[in-house]
Amino acid sequence: QVQLVESGGGLVQAGGSLRLSCAVSGIMFSINAMDWYRQAPGKQRELVATITRSSSTSYADSVKDRFTLSRDNAKNMVYLQMNSLNPEDTAVYYCHVRSTITRIDYWGQGTQVTVSS
């Protein structure tokens, strides 16, 4: 059974930092990239950052130089370090993977990040 469990969200003041974690189980052998998406109220879900199995990363322009994505393949974990947060970063953040065998997308339940001004 595939499970993605996020943690680490919360309320933080502008300029602060949070670290999100995603624990992945049941599928590590058949995935390459791992992603974080976010969805703000009234907006579409957007891709925030991607990390490949070899730890190559890419970021949305809005978070570049503020967010850092990393993964620990031995622990089946992916982390999103978020610095210099601003109110526009307020959203529910979702961990995502896609099976390279079935092409099925898997999502976590989401974790709320709220940045106050």
Study note, to complete from the structure: Selection from segment 75-116 of residues open to solvent by less than 30 Å² (accessible area, probe 1.4 Å) and assigned to a loop (DSSP other than H, G, I, E, B) yields LEU85, GLY108, GLY110
Practice item. Filter segment 19-42 for residues that are among the aromatic types (Phe, Trp, Tyr) and farther than 10 Å from VAL78 by Cα and give the result. Key: PHE29, TYR37
Check your understanding: Going through segment 24-48 one residue at a time, which ones are open to solvent by less than 20 Å² (accessible area, probe 1.4 Å) and either modelled with pLDDT of 90 or more or assigned to a strand (DSSP E or B) (or both)?
Key -> VAL24, ILE31, MET34, ASP35, TRP36, ARG38, VAL48
**Study point:** Filtered residues of segment 49-74 (kept if surrounded by fewer than 18 Cβ atoms within 10 Å (Cβ to Cβ) and touching a residue at least 24 places away in the same chain (Cβ under 8 Å))
**Key:** SER62, ASN73
Check your understanding: Just one of the numbered conditions (1) polar (S, T, N, Q); (2) open to solvent by 40 Å² or more (accessible area, probe 1.4 Å); (3) in a strand (DSSP E or B) is not true of SER21; which one?
Key -> (2)
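The values are calculated or read from the model by the stated rules, or taken from the named source; none is laboratory data. Please read all numbers here as calculations on a predicted model, not as lab measurements. Cβ: placed from backbone, ideal geometry, glycine included. Neighbour counts: every protein chain shown. Calculation scope for accessible area: heavy atoms of the full protein, side chains included, ligands and nucleic acids excluded. Shrake-Rupley method; radii C 1.70, N 1.55, O 1.52, S 1.80 Å.
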